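The values are calculated or read from the model by the stated rules, or taken from the named source; none is laboratory data. Just so you know, these numbers come straight off a predicted model, no measurement behind them. Glycine also receives a Cβ, built like all others from the backbone with ideal geometry; neighbour counts cover every protein chain displayed. In case anyone asks, the SASA skips ligands and DNA or RNA and just uses the protein heavy atoms, side chains included. Shrake-Rupley method; radii C 1.70, N 1.55, O 1.52, S 1.80 Å.
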Amino acid sequence: MISTLLQPINDFLKVPTPEEWIIEARKPENLSIILRDHLLCELKAAQSALFLIRKYAVDPESANRLNEWIRPYEDFAYKKTGDVESLRSKSSFTKQITPKESCSYGQDLIDKMIMLIKEELHHFYQVLELMESKGIPYTPIEASRYARGMIKHVKTFEPDALVDKLIIGSIIEARSCERFAKLAPYLDEDMNKFYVSLLRSEARHYQDYLALAEQISDKDITERIEYFLTVESELVTGLDSDFKFHSGVPYPKK
């Protein structure tokens, strides 16, 4: 099953995760960084998907409902309010969301992104639970250069800007999936099982993002996908002084 899931992802990405990153990531002293950064990556993925829905697909009232949904997770991450128990049942969402009448792709964007947000918030809770079981306290951690390194290339006009954001989303999800698989064999049994369990949803997320990008674009996006894959490959293979889940090759230790 794992090889079947990973084959299209490995074919999609231009380069595999460098061995130097895997060596650094598997060190016990870096477990705290990996898990804390992973936790915030799950939140950022949910925030990015929610932003797309709010900006492009729903009315203001629906946008407010979405903001209320994610707020407890943001409060925990940025204000350190709440705990594992308070987040246990908050990944579900049952409120009415109304697409804009003028948005032809609105319902498809809502359906795919709501499912993604639910899963990312559930993963957030699971990572936090795992951290607690290992005695790793949550403290904020700054984002790596990875996502910023791609977002700065997003076009400034629509629908190209939205298409670019969706392509970037697909690449981030694909790389996350690839790194979960690369790192899992070197982790304790509980983390190994957890990271392997994430592969199916992450693999689907990257496909959902790409499908939406192709649906929304008014032209072929192959060249644009290749462009961002090249940018991404340079980010993960270049030397990087800030070790994180999506960072590049660690600088050699002196």
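What the table shows:
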item: Mean Cβ count within 10 Å, highest first, over the residues of peptides 33-39, 221-227; result: 33-39, 221-227
item: Relative contact order (%) - the range 37-140, alpha-carbon pairs under 8 angstrom, separation at least six; result: 42 percent
item: Most fluctuating residue given options Leu239, Leu162, Leu212, as computed from a GNM of the chain linking Cα atoms under 10 Å; result: Leu239
item: Contour minus Cα-Cα distance for Asp242 and Glu223 (0.36 nm per residue); result: 3.8 nm
item: Phi-based couplings in Hz for the range 68-85 (Karplus 6.51, -1.76, 1.60; Gly and Pro marked x); result: 5, 5, 8, 4, x, 6, 5, 4, 5, 5, 9, 10, 6, 10, x, 8, 4, 4
item: Karplus-derived 3J(HN,Hα), 6.51/-1.76/1.60, for each residue of the range 164-178, Hz, glycine and proline x; result: 4, 4, 5, 4, 4, x, 5, 5, 4, 5, 5, 5, 4, 4, 4
item: Mean Cα-pair separation over length for the range 123-220, i.e. relative contact order, pairs under 8 Å, 6 or more apart, %; result: 30 percent
item: Carbon plus sulfur fraction of accessible area for the range 109-216, probe 1.4 Å, in percent; result: 53 percent
item: Cα-based shape type of the chain, given that a ≥ b ≥ c are square roots of the gyration tensor eigenvalues and the cut on a/c is 1.5; result: oblate
item: Relative packing of peptides 200-210, 150-160 - highest average C-beta neighbours within 10 Å first; result: 200-210, 150-160
item: Amide H partners (placed H, <5 Å) of Val58, local residues excluded; result: Lys100
item: Segment Ser86-Asp190, length gained on full extension (0.36 nm per residue, minus Cα span); result: 35.2 nm
item: Cross-link partners of Lys182 among aspartates and glutamates (Cα-Cα below 16 Å; sequence separation of 8 or more within a chain); result: Asp11, Glu19, Glu20, Glu24, Glu173, Asp190, Glu202
item: Per-residue HN-Hα couplings for the range 52-63 [Karplus 6.51, -1.76, 1.60; θ = phi - 60°; Hz; x = Gly/Pro]; result: 4, 5, 4, 6, 10, 10, 10, 7, x, 5, 5, 4
item: Cα principal axis extents for the range 90-197, largest first, Å; result: 49, 35, 25
